[in-house]
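Please read the structure below before turning to the comments.
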Amino acid sequence: MGAPESIYTEDSYAAYKSAYEKAVEVKDDQEATRADVESATAELLAAYDALEIVPVDSSLELDADTVVSSASGDYSESNTADRMFDNDLSTYWESPYGGSNANLPKDVVIELNDTYVLEQISFISHTLQNGGVTDYTISVSEDGSEWTQVTSGTVDANEYKRGNNVRVDARFVPVKASYIKFTVNGAVGRIPSEDNMYGRIAEMIIYGSTDVNKTALSALYDANVNKVSDDFTPASWTVFQNALTSAKQVLDDNMTTQEAVDNAYEALDAAVKGLALKADFSALDEAIKNAESINTSAYTPESVLALDKALEDARLVLANENATQDEVDAAVKALEEAISGLCETTDPETPTDPSDPTTPTDPETPTDPDTPVDPEKPADETPADPETPTTSDNSMLGVYAGLLAVSVLALFVFLRRKKEAN
C-alpha cells in the first residue's frame, strides 16, 4: 500500500489504510465523479502525511567505532566524511562549497565491517542555516555496486533557523546492508544564493543489528520465561535462570554473532531439560516416622543394623531440598524393605549344667540338689540309652545270676557223684 506497516503506530496506520482502501474504491468506480477522485486523493495524502513513525529501539544503535570501516565522499578543506562518526558536533562532513564541485546532489558512502540488518539512519546538522540538509535519499547495498533505495525525506528549511541542532531520524523497513549511501539532494545556504550548493552533517547514527538468526532462541526464551521457581529444585532453577539471563542478553545485543546465538540456545535448551520438579516428601516423612516408632530390641542385630542404615539414608534425602522424586521414592522403598526385613530374636537356650557348660541338663530329670557332685569325677559324657536299665534293675540281675551259678554248680557235683557210684 505504499507505506510499510511495521514502522508506523497502529492508529496512524489504520487511518492511512482506511483512506487507501477508499481511494482504491473510487479509482475502480466507473461512475466516480471528479469531486470523488479529488476528495479521495486529498484524504489519502493527508493520512499519509499523518503517519507516525514508531521510534526505533535505542538499543539498536551500532557502535560506529566498531562497525564503520570507512566513509568517503567529496569534501571541502579537511571536512572529511569520517568526521560524522567522531561524536563531536563541532566537527562535520561538508561537501565542496566553491568551484565547479559546489553543487548538489552529493553522495557519502559508508562501508561497514560486516553485513547488518539496518532499520534507521539518523543525522544531525552542524550549524543553523549553513548547509543544513533539506532533501535526502538513503540507499543500501550488500556488495557496493547494486544499490536499493530504502527511504527519502525532506526537512523544512525553517527548522535550521531556530538556533538548535536539527536531528532527522530516517526510519525504514529492516534491510540487510554492508554499505550505506547517503545522498544530499538539497540544502539551505547562509544566503539564498548558496542554497543547494553544499551540505553539512555533523553526526550520523546507524541503527540495526548483526545479520544473525535469533528466531529459535527467541521462541525458546518466550516459551520458558514465565516459569516460576516454586515448581523446581533450587539447584536446577539456578542453572536455568543463568541460562535464561544469558539468552536475554544475546537477544538484546544487536551486535552479537551467530555463534553466540547458537551457544545461548544450546545452554538454555539444556537448562530447560535439566529442570527438576520439586519432590513430594510426604510419603518419605511418614515412612521415617513409622521406622522411628519401632522397638528394635525385639529384633536381631543384623536386621536392626539394616534398618538403621536405611533410616539414615532416608533422613539425608528428606533434608535435601534438591532431591528428585525418584530419589525420594527409592528412599521410601528402601526403608519399607528394611522394616519388612526385621527378624525377631528366638527364645534363649535352656541353662546348662554348671559343672559342664557344654552339656545341657535334661529338663525331664532335674539334678537332686541334696546329692553333691563329685568334683574329681567327670560326668559321663555318653548319653544314656533309653533301653538301658536303671541302677536298681542292675542289682537284681546280679542276685539272679549268682543263684543261677550256685544251682548249676550243685547240679554238676550231683551228677559227678552219681557217676562214680555206678
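Coordinate-derived values only; no laboratory data. Source: prediction; values computed, not measured. Methodologically, a virtual Cβ is constructed for each residue, glycine included, from the backbone with ideal geometry; neighbour enumeration extends over all protein chains shown.
Each label was represented as a point 7 Å from its Cα along the Cα-to-Cβ direction; for K176 and E194 these points are 4.4 nm apart. Using a Förster radius of 51 Å, what is the FRET efficiency between Q30 and V117 based on their Cβ-Cβ separation? Nearest 0.05, please. The formula returns an efficiency of 0.70 here.
The H on the amide N of T210, modeled in the peptide plane, is under 5 Å from the matching H of V117, M255, T256, each at least 5 residues off or on a different chain.
Here the Karplus curve 6.51 cos²θ - 1.76 cosθ + 1.60, taken at θ = phi - 60°, turns the phi angles of the stretch 74-83 into couplings of 4, 9, 9, 6, 9, 8, 6, 5, 5, 5 Hz, with x standing for Gly and Pro. Length gained on full extension, E292 to A50: 79.2 nm, using 0.36 nm per residue less the C-alpha separation.
Which value results for Rg/Rh of the stretch 215-273 when Rg is the Cα radius of gyration and Rh the Kirkwood radius based on the inverse mean 1/r? Before the final figure, lay out the partial values.
On the way: Rg = 11.2 Å, Rh = 11.5 Å.
A ratio of 0.98.
Here the 3J(HN,Hα) profile of the stretch 203-219, calculated from phi with Karplus coefficients 6.51, -1.76 and 1.60 at θ = phi - 60°, is 9, 10, 10, 10, 10, x, 8, 5, 7, 10, 9, 9, 4, 5, 5, 4, 5 Hz, Gly and Pro shown as x. Listed peptides 202-213, 30-41, 306-317, 67-78 appear in the order 202-213, 306-317, 67-78, 30-41 once ranked by packing, highest mean of other Cβ atoms within 10 Å at the front.
For the stretch 146-154, the Karplus equation 6.51 cos²θ - 1.76 cosθ + 1.60, evaluated at θ = phi - 60°, returns couplings of 8, 10, 10, 6, 10, 6, 8, x, 10 Hz by residue, with Gly and Pro reported as x. Within a straight-line Cα-Cα reach of under 26 Å, K106 can be paired with the following lysines, leaving aside sequence neighbours fewer than 8 residues apart in one chain: K161, K176, K181.
How much length is gained if the chain between N322 and D57 is pulled fully straight, taking 0.36 nm per residue apart and subtracting their Cα-Cα distance, in nm to one decimal?
Details: separation 265, 0.36 × 265 = 95.40 nm, distance 4.08 nm.
Once the chain is fully extended between N322 and D57, it gains 91.3 nm.
For V150, nonlocal amide neighbours, meaning residues 5 or more places apart or on other chains whose placed amide H falls under 5 Å from its own, are I138, S139, V140.
The trypsin sites (Lys or Arg not before Pro) of the stretch 113-168 that meet both conditions, a loop assignment by DSSP and at most 10 other Cβ atoms within 10 Å of the site Cβ, are R162. Amide H of A170: which non-local residues (sequence gap of 5 or more, or other chain) have their own amide H closer than 5 Å, using H built in the peptide plane? Under 5 Å from the amide H of A170: I121, S122, F123.
Sort the stretch 5-49 into rounded, prolate or oblate with this rule: let a ≥ b ≥ c be the square roots of the eigenvalues of the Cα gyration tensor; rounded if a/c is under 1.5, and if a/c is not under 1.5, prolate when a/b is larger than b/c, oblate otherwise.
Working: a/c = 4.03, a/b = 2.29, b/c = 1.76.
Taking the square roots of the gyration eigenvalues as a ≥ b ≥ c, the stretch 5-49 is prolate.
With a cut-off of 18 Å on the backbone N, the residues of the stretch 150-185 near the modelled label site 7 Å out from D74 along Cα-Cβ are 181-185. Taking a point 7 Å from the Cα of A216 along the Cα-to-Cβ direction, the residues of the stretch 259-274 with backbone N closer than 13 Å to it are 259-270. Bridgeable lysines around K248 (alpha carbons under 17 Å apart, same-chain partners fewer than 8 residues away excluded): K214, K227.
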